[in-house]
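Student: Supplied in structure tokens, the structure appears directly below.
The values are calculated or read from the model by the stated rules, or taken from the named source; none is laboratory data. Given the structure is predicted, the values throughout are model-derived calculations rather than measurements. Note that we place each Cβ from the backbone using ideal geometry, even for glycine, and neighbour counts take in every protein chain shown.
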Amino acid sequence: MKVLVLVKQVPDTATQVKVGSDPRAIATTGITWIVSPYDEFAVEEALRIREKRGTGEVVAVSGGPERVKEALRSCLAMGADRAVHVLDPALEGADTLTTARVLAAVIQQEAPQLVLTGRQAIDDDTGAVGAQVAELLGWPCLSWIMEEAIAEDGATVRAGRQVEGALELFDLPLPCVLTAQKGLNEPRYPTLKGIMGAKKKEIKELGPGDLGVNVDGPQLELVRLEALPPRPPGRIIPGEPKEAVRELVRVLREEAKAI
Ligand SMILES: Cc1cc2nc3c(=O)[nH]c(=O)nc-3n(C[C@H](O)[C@H](O)[C@H](O)COP(=O)(O)OP(=O)(O)OC[C@H]3O[C@@H](n4cnc5c(N)ncnc54)[C@H](O)[C@@H]3O)c2cc1C
């Protein structure tokens, strides 16, 4: 079974994000880039499917600038068989639908039986691309999955998503799109052998025109990013607990108007 995983490269979670000189983008100097964590669950699940079935192929796909190849190398080091990088400067700041159109065109070329994505990318947090890709392909989509089991004949998948106090179980025909939630699995660390082996694996580069997608006219335009005002400093209420609690309640009621 061929499984295709959509992977977005995002700033490391420890990055102190700052608005750049162009207020529509963040300042990228000094940023460490990583595979979006939810996409790591998706890659891990794809590898487990291949291992469980004893056959198949895992293809990692990412759209973005040259640096995105590092994210794809990480997926190859984890165990993906090969990767596809869509590189098109015209798509800088592309909205989710444009991105989804590009990714759907890659999926049509590759014709996998299953597409896995993260539930959302941890930088822009829109959580839209997986569902949009499925809609463009006319495939079923289940978001935020916590478990999946593909039927032996490879025709259907049973997948579960956690809701308040329960697990909802769905049966979907393949091909379909599943978006991964934390808890689906524990992503593996690449081994040294995996890292070395990744250098020899193929990253196919697709440029403008290779996909025949019309990427004009994004539906969403980012106006600007605004830094949040700094948080006011904390306040310690001194004194004996009894008086301090009385004062705390007064402050919460009269000043903060929180109670
Ligand atoms: C060829 C190309 C070049 C691009 N170049 C730039 C650029 O230079 N600068 C810039 O700011 N933006 C660029 N973009 C757009 C950007 O990377 C995002 O894809 C888009 O904004 C959607 O991100 P999101 O966080 O809103 O997605 P979400 O909907 O939150 O993501 C959900 C899931 O969809 C998948 N996904 C999302 N984006 C991608 C992606 N790009 N590739 C593979 N899987 C993805 C992941 O599995 C992710 O977990 C480019 C997009 C493409 C296709």
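Student: Scan Thr28, Thr126 and give me the residue that is at negative phi, in contact with a helix residue (DSSP H, G or I) (Cβ under 6 Å, 6 or more places away or on another chain), within 10 Å of the ligand (Cβ to nearest atom) and at pLDDT below 95.
Tutor: One residue alone meets the criteria, Thr126.
Student: Continuing with this model, one more query. Any residue in segment 56-63 that is part of a helix (DSSP H, G or I), touching a residue at least 12 places away in the same chain (Cβ under 8 Å) and in contact with a strand residue (DSSP E or B) (Cβ under 9 Å, 6 or more places away or on another chain)?
Tutor: no
Student: Quick one: which residue in Leu172, Leu137 is assigned by TED's automatic domain parsing to the domain that holds Gly118, in contact with a Lys or Arg (Cβ under 9 Å, 6 or more places away or on another chain) and crowded, with 18+ Cβ neighbours inside 10 Å?
Tutor: So the residue among Leu172, Leu137 that is assigned by TED's automatic domain parsing to the domain that holds Gly118, in contact with a Lys or Arg (Cβ under 9 Å, 6 or more places away or on another chain) and crowded, with 18+ Cβ neighbours inside 10 Å is Leu172.
Student: Still on this structure: Tell me which residues, restricted to segment 165-183, are closer than 25 Å to Gly154 by Cβ, out of contact with any Leu (no Cβ under 9 Å at 6 or more places or on another chain) and within 15 Å of the ligand (Cβ to nearest atom).
Tutor: Gln181 - this is the single residue of segment 165-183 that is closer than 25 Å to Gly154 by Cβ, out of contact with any Leu (no Cβ under 9 Å at 6 or more places or on another chain) and within 15 Å of the ligand (Cβ to nearest atom).
Student: Continuing with the same structure: If you take the residues of segment 57-90 that are surrounded by fewer than 19 Cβ atoms within 10 Å (Cβ to Cβ) and among the aliphatic types (A, V, I, L, M), which of them is farthest from the ligand (Cβ to nearest atom)?
Tutor: Checked segment 57-90; the qualifying residue farthest from the ligand (Cβ to nearest atom) is Ala90.
Student: Please go through (1) surrounded by fewer than 23 Cβ atoms within 10 Å (Cβ to Cβ); (2) within 15 Å of the ligand (Cβ to nearest atom); (3) over 16 Å from the mean Cα position of the chain (by Cα) for Gly54 and return the number of the only condition it doesn't satisfy.
Tutor: Against the list (1) surrounded by fewer than 23 Cβ atoms within 10 Å (Cβ to Cβ); (2) within 15 Å of the ligand (Cβ to nearest atom); (3) over 16 Å from the mean Cα position of the chain (by Cα), Gly54 comes up short only on (2).
Student: Can you tell me which residue among Lys200, Lys242 is more than 22 Å from Cys141 (Cβ to Cβ), without any contact (Cβ under 8 Å) to a residue 12 or more places away in the chain and assigned by TED's automatic domain parsing to the domain that holds Thr117?
Tutor: Of Lys200, Lys242, the one residue that is more than 22 Å from Cys141 (Cβ to Cβ), without any contact (Cβ under 8 Å) to a residue 12 or more places away in the chain and assigned by TED's automatic domain parsing to the domain that holds Thr117 is Lys200.
Student: Moving on. Can you report the number of residues in segment 130-182 which are out of contact with any helix residue (DSSP H, G or I) (no Cβ under 6 Å at 6 or more places or on another chain), touching a residue at least 40 places away in the same chain (Cβ under 8 Å) and not acidic (Asp, Glu)?
Tutor: The qualifying residues number 12.
Student: Any idea which of Arg67, Arg53 is out of contact with any Lys or Arg (no Cβ under 8 Å at 6 or more places or on another chain), over 21 Å from Cys176 (Cα atoms) and at pLDDT 95 or above?
Tutor: Of the residues listed, the single one that is out of contact with any Lys or Arg (no Cβ under 8 Å at 6 or more places or on another chain), over 21 Å from Cys176 (Cα atoms) and at pLDDT 95 or above is Arg67.
Student: Can you name every residue in segment 124-180 that is under 18 Å from the mean Cα position of the chain (by Cα) and farther than 22 Å from Glu44 by Cβ?
Tutor: Asp124, Thr126, Ala128, Gln132, Glu135
Student: Anything in segment 236-248 that is in a helix (DSSP H, G or I) and surrounded by 11 or more Cβ atoms within 10 Å (Cβ to Cβ)? List them, or say none.
Tutor: Glu243, Ala244, Val245, Arg246, Glu247, Leu248 - these are the residues of segment 236-248 that are in a helix (DSSP H, G or I) and surrounded by 11 or more Cβ atoms within 10 Å (Cβ to Cβ).
Student: Moving to a separate point now. Would you check if there is a residue in segment 94-117 being assigned to a loop (DSSP other than H, G, I, E, B), under 25 Å from Lys182 (Cβ atoms), polar (S, T, N, Q) and within 8 Å of the ligand (Cβ to nearest atom)?
Tutor: No, the conditions are met nowhere in segment 94-117.
Student: Name the pairs: first residue in segment 212-238 and closer than 17 Å to Ala256 by Cβ and not assigned by TED's automatic domain parsing to the domain that holds Gln108, second residue part of a loop (DSSP other than H, G, I, E, B) and hydrophobic (A, V, I, L, M, F, W, C), Cβ to Cβ under 9 Å, at least 6 apart or on different chains?
Tutor: Cβ pairs passing all conditions: none.
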